[in-house]
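Please read the structure below before turning to the comments.
The values are calculated or read from the model by the stated rules, or taken from the named source; none is laboratory data. Computed from a predicted model, the values in this text were never measured in an experiment. Positions of Cβ are generated from backbone atoms using ideal geometry, with glycine treated the same way; all protein chains shown enter the neighbour counts. SASA here: full protein model, heavy atoms, side chains in, ligands and nucleic acids out. Shrake-Rupley method; radii C 1.70, N 1.55, O 1.52, S 1.80 Å.
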Amino acid sequence: MARKGKDDDYYYCGADDDDDYYSTEEDNATESDSEYGGGGASDDGDEQAENAEVIDDEDIRASAKDRDSGYDFVTEDDVRRRQDKVTSEISEVLSVPPGFAAALLRHCRWDPELLKNEWFSDEARVRAAVGLAPAGQPGGDVPTALNEVPLACAICFDGHGPGGMRSAGCRSHFYCHECWRGYIRAAVGDGARCLLLRCPDPKCPAPVVRELVDAAAAGEDRARYETFVVRSYVEEGTSRYVRWCTGPGCTLAVRAHEGSSRLSEVTCECGHLMCFRCGSDGHRPTPCETARAWAERCAADGDTTSWVLENTKHCPKCRRAIEKNQGCNHMTCGAPCRHQFCWLCLGAWDNHDGDNFNCNRYNASREEFVGDESKERQARASMVRFLHYYERWTTHGESMDRARKELAGELLEGFAAAMGVQPTDLGFLEEAYEQVIEARRVLRWTYAHIYGMDPDRDDIEFCEFLQGQAEGSLERLHKCAERERKELEDEIGHYWAASPSAYAAEKYVEFKQNLSNLNIVTKRHFAKLVEVYEPDVVS
């Protein structure tokens, strides 16, 4: 985490690496002068913005590209073919049926070399661990067998003639086909644990393997069992370089190139963004452990806090009940009040312009943590603190979803028609919305990150400073892309007939320049934010 040197004028980033610095205060001052020049307010400002665009677009886009480089995607069929090949090889080397070979490989986390080493060092131990009979038994290893004489099923007690019952290869526990079908159906319905299924006899360790399932189970149960087998090859395998995509309905596996020095977020071909390290949804720049702890806290208290947030918002001036119906957090109460305020902290919006954005900070009352207060008061203070971060977490998530839906709708077509241009000319607007979506996602996770920080060890104040700078620039970008765009559409539509022919074109160019400049500044802020927040993770 970032910290400031006592005798230096620069910030370090990283827990222990003193060679990696953030930026000098002089550099920050120079950048601040150019970033807040006002999007085309002067020639110098235009030149600075143009220069910044060249640098930032190359650096930041390259950074985004690098983040997803080193990965490729394989289908479930590709994984199945690789799994079948490894299983076939082990079956041949160890002289066991493929079903037993798969069970042995699962025992060794699908590592064929590890299995061969253990098998040839102590075959009896490996057999016992999987449930196979000792080597040398009459008839050899058999995954399933039919009865040769009339027997009664030990489950339903019905009598059956030769071939009417089946065992798991243990040669002494035979059950009818109908009971096997129900037994396997119940196990498959219980999830991936069906891969550990044993003979129904409580004292028998014989494994239920693929050959038996194929012979006894119903069609849909066989298909589900096969899916669990294929998925175990990735989920239980020893490789750190392959993981199933966690996107809804996606069956692709994400494979990192072996030797990759950094395993981070990756966007699957289905569009889902996931963390390759822990498999959860993308949570950059928050570490996996912090993201997991935050998710657990939200699951425990989320319903209560959501109810509070949804039922306690009023205009801070006229106390009228308000509802947020857009993405940016700059709110304007209806007539006649017209009070402008921040949705998050309810403070006047005048206090959020320029470098004054600081409602991201949690200001705890020192009295909450001193004195002889009761446990009830401490618990209330803890909930208030959590509510502060949770509200900003949920609000940025909702704003992100609104922006994503708006971009997926008719946003480009509607604005293009109003401005008299082609939708293909609005790449700058699409890029701005994509930046808003990504920035909202990153920003919401910074609140989870700060919530989990240790005030005695981490420089929370500096992290909140960067967070406030990034959030302020994001709000200006989102306001321009959303509110000012809609106002421009309304203005052009209302005054089109009475305006000069070049009026719409002039307003369009002005809007494009302003939005592009704001997008550059936001990219720069979030590149710096991630640089400091995100710990270096080496594979």
- Query: Could you say whether any residue in the stretch 484-499 is of a type in the set (F, W, Y) and either within 28 Å of T290 (Cβ to Cβ) or surrounded by fewer than 18 Cβ atoms within 10 Å (Cβ to Cβ) (or both)?
  - Reply: yes
- Task: Hey, could you check the stretch 129-143 for residues that are open to solvent by less than 50 Å² (accessible area, probe 1.4 Å), within 13 Å of V96 (Cα to Cα) and touching a Lys or Arg at 6+ places or on another chain (Cβ under 8 Å) and say which is modelled with the lowest pLDDT?
- Result: A133
- Task: Could you run through the stretch 213-241 and say how many residues are at pLDDT below 90 and either hydroxyl-bearing (S, T, Y) or within 16 Å of the chain's Cα centre (by Cα) (or both)?
- Result: 3
- Search result, residues across the stretch 169-212 that are among the acidic types (D, E) and within 19 Å of C156 (Cα to Cα): E178, D201
- Task: Inspect the stretch 333-343 for any residue being modelled with pLDDT of 70 or more, closer than 19 Å to H396 by Cα and of a type in the set (A, V, I, L, M) and give the result as yes or no.
- Result: no
- Note on the structure: In the stretch 432-466, anything open to solvent by less than 50 Å² (accessible area, probe 1.4 Å) and within 21 Å of Q513 (Cβ to Cβ) is listed as A432, Y433, Q435, V436, A439
- Message: For D72, only one of the following conditions fails: (1) at pLDDT below 95; (2) in a helix (DSSP H, G or I); (3) among the charged types (D, E, K, R). What is its number?
- Response: (2)
- Out of (1) assigned to a helix (DSSP H, G or I); (2) open to solvent by 40 Å² or more (accessible area, probe 1.4 Å); (3) at pLDDT below 90; (4) within 30 Å of W294 (Cβ to Cβ), the one R402 does not meet is (3)
- Can you find even one residue in the stretch 209-232 that is open to solvent by 70 Å² or more (accessible area, probe 1.4 Å), touching a residue at least 40 places away in the same chain (Cβ under 8 Å), of a type outside the set (S, T, N, Q) and part of a helix (DSSP H, G or I)? yes
- For the stretch 198-208, name all the residues that are open to solvent by 10 Å² or more (accessible area, probe 1.4 Å), in contact with a strand residue (DSSP E or B) (Cβ under 7 Å, 6 or more places away or on another chain) and closer than 13 Å to W180 by Cα. R198, P200
- Message: Yes or no: the stretch 482-494 includes at least one residue that is part of a loop (DSSP other than H, G, I, E, B) and at pLDDT below 90.
- Response: no
- Task: Among what's in the stretch 72-106 and is of a type in the set (S, T, Y) and exposed (fewer than 14 other Cβ atoms within 10 Å of the Cβ), pick the residue that is nearest to the chain's Cα centre (by Cα).
- Result: T75
- Pair list, Cβ < 6 Å and 6+ apart or interchain, from the stretch 449-465 residues that are of a type in the set (D, E) to residues that are open to solvent by 20 Å² or more (accessible area, probe 1.4 Å) and in a loop (DSSP other than H, G, I, E, B): D458/M1; E464/R361
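If you go through the stretch 445-463 one residue at a time, do you hit one that is of a type outside the set (S, T, Y) and under 26 Å from Q340 (Cα atoms)? Step through it out loud before you land on a result.
We begin by selecting, within the stretch 445-463, every residue of a type outside the set (S, T, Y); these are 445, 448-450, 452-463.
Now narrow it down to the ones that are under 26 Å from Q340 (Cα atoms): none.
No: zero hits.
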- Message: Here is a check on your reading of the model: is D111 surrounded by 12 or more Cβ atoms within 10 Å (Cβ to Cβ), at negative phi and over 40 Å from the mean Cα position of the chain (by Cα)?
- Response: no
- Task: Please specify each residue of the stretch 234-248 satisfying the condition of being in contact with a helix residue (DSSP H, G or I) (Cβ under 7 Å, 6 or more places away or on another chain), open to solvent by 40 Å² or more (accessible area, probe 1.4 Å) and outside any loop (DSSP other than H, G, I, E, B).
- Result: R243
